[in-house]
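The values are calculated or read from the model by the stated rules, or taken from the named source; none is laboratory data. If you're wondering where the values come from, they're calculated on a predicted model, not measured in any experiment. With ideal geometry, Cβ positions are generated from the backbone for all residues, glycine too; neighbour counts draw on all protein chains shown. Quick note on the areas: whole protein, heavy atoms, side chains included, nothing else; ligands and nucleic acids left out. Shrake-Rupley method; radii C 1.70, N 1.55, O 1.52, S 1.80 Å.
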Amino acid sequence: MTAISARVLGEATVQELREALRGEVVTPADPDYDDARLVWNGLHDARPALIVRCAGAADVIAAVGFARSNDLPIAVRGGGHSVVGFSTSDGGIVIDLSRMNEVHVDPEARRATVGGGAVWADVDHETQAHGLATTGGLVSSTGVGGFTLGGGIGWTLRKFGLACDNLVAAEVVTADGRLVRATETDNPELLWGLRGGGGNFGIVTQFEFELHPLGPTVYAGAIFYPAEAAPALLRTFRSWADTAPDDITALVNLTTAPPLPAIPAEWHGQKIVALLAVSAGPPEDGDALIADLRSVAEPIVDLMGPMPYLAMQTLLDPLWEHGIKAYFKTTNLARLDDELIERLCRIHLESPGPQCEIHVQNMGGAVGRVADGATAFPERSMPFVLNAVTGWHDASLGDAHVEWARTVIGAAADASTGRAYVNFLGDADSAQAAYGEATYKRLVALKNAYDPTNVFRRNQNIAPLAKAA
Ligand SMILES: Cc1cc2nc3c(=O)[nH]c(=O)nc-3n(C[C@H](O)[C@H](O)[C@H](O)COP(=O)(O)OP(=O)(O)OC[C@H]3O[C@@H](n4cnc5c(N)ncnc54)[C@H](O)[C@@H]3O)c2cc1C
């Protein structure tokens, strides 16, 4: 143990914690400390006092107890993809669940139990072996934990709902060190909060998801057009989305052509617009589903067609690698009017780097049919979600990227519903507005019940009400 950690940790020693675990403790004195402390977003280069690599729920209970007795702030790490950097902290304890990534599929019951630190690649691999799937992330290294607890927007959302809509049970280590189960009948209010309320109520050691038949081949992929086609594509997308069947979920991405072999070299680095989509219906029906969108302009390259679902789930991985610096921002759209389309297309052309993306994601379908208030995911009726997604490598470009992302979302202020998806908030101070009054109030009541002293606060925080003296 180093002198620094001895001073920070007081009487309880790291050695005592090590002996209480099946997993391991990594401190600044350990050779793998620099690897262990890395999170996805290269902006967050924090130096925790210790990292506990948990092997199971008992380790999580021990780590929470140790943190509380030593007054160490807790950061919970699932897949490590928090854009805000919630899964690390300077001088605190990281409760790292990444080794708890076991996935077990019951193909008869169409259920999967998933360890609290699994990533979507783990889940897709196991479920696709049975021709099953549940809504997961667009990048396969994203953690199931943070993704699901915030809501979970993925390629099958219009057919199967959000990830949190498929969450049927969870095992949770609470702030006072209990392991509780949340289902529709056991602690149902806790399950309500886990379906969108983030990591505020405890550490989920195991998720249980509903699965659905899908694949192995789906109709999916991307069509790339010149940037000049963006206004026409967005206008067609708007009317197409009104009547699109649940099978198909799509996204328009105003971006820059990446240097991928599938894209003609003369387009690399040029501003473009991409249509990305996945159909959960029969692959042979896919062409008809997107015919109106496909014909808006002559594409640069058309890569939409039957493909393995697993290939689609990893298609974007190379563009968003570990260590990139990143900032995201988001708002829910009440409408996608011509003025907004014009503004987004102009701001797109002014972006400060190649990884500046404006996503217009269509919602509705199964997501829209869940009643408002039925889960903590705060809003269901918006037709589109708007995301500004930026990444850069050169630190000197950071301010320009953050500013640009804010400009994108600012441009949509008059078309926004006022609510937002918490997992794409780039900053840590907007949870209350994102959830809206009614949901936030109910979340605060749940927080008071499960975590009245805000032990779990490195998240889009639901602040508990201070107890009257
Ligand atoms: C490259 C990239 C692609 C993305 N794509 C999508 C996408 O397609 N759709 C989408 O909806 N979102 C997407 N996101 C956003 C993503 O949902 C959030 O960043 C989410 O927090 C990631 O979860 P994680 O477990 O990897 O995060 P971590 O950084 O590990 O955790 C973030 C926070 O989540 C909580 N948490 C995580 N695991 C647990 C657990 N087991 N128990 C309790 N709390 C937990 C904790 O509060 C933790 O601090 C993407 C993010 C990135 C960086």
Practice prompt. Residue by residue through segment 76-91, note down the ones that are among the small types (Gly, Ala, Ser) and touching a residue at least 60 places away in the same chain (Cβ under 8 Å).
Written response: Gly78, Gly79, Gly80, Ser82, Ser87, Ser89, Gly91
Worksheet item: Among the listed residues Thr390, Thr407, Thr453, Thr375, which satisfies the condition of being part of a helix (DSSP H, G or I), hydroxyl-bearing (Ser, Thr, Tyr) and in contact (Cβ under 8 Å) with a residue 40 or more places away in the chain?
Response: Thr407
Discussion item. All but one of (1) in contact (Cβ under 8 Å) with a residue 40 or more places away in the chain; (2) out of contact with any Lys or Arg (no Cβ under 7 Å at 6 or more places or on another chain) hold for Leu167; state the number of the condition that does not hold.
Written reply: (2)
Discussion item. Exactly one of these conditions fails for Val76: (1) near the ligand (Cβ under 9 Å from one of its atoms); (2) open to solvent by less than 20 Å² (accessible area, probe 1.4 Å); (3) not basic (Lys, Arg). Give me its number.
Written reply: (2)
Discussion item. Taking the criterion of being within 17 Å of the chain's Cα centre (by Cα), among the charged types (D, E, K, R) and more than 7 Å from the ligand (Cβ to nearest atom), would at least one residue in segment 107-118 satisfy it?
Written reply: no
Worksheet item: In segment 109-211, which strands (runs of 3 or more DSSP E) lie fully inside it and hold 2 or more residues that are buried (at least 23 other Cβ atoms within 10 Å of the Cβ)?
Response: 111-115, 167-173, 203-210
Item to complete: Provide a single number: the residues in segment 411-445 that are in contact with a strand residue (DSSP E or B) (Cβ under 9 Å, 6 or more places away or on another chain), away from the ligand (no atom under 16 Å from the Cβ) and assigned to a helix (DSSP H, G or I).
Response: 2
Worksheet item: If you take the residues of segment 323-339 that are assigned to a loop (DSSP other than H, G, I, E, B) and farther than 18 Å from Gly418 by Cβ, which of them is nearest to the ligand (Cβ to nearest atom)?
Response: Ile324
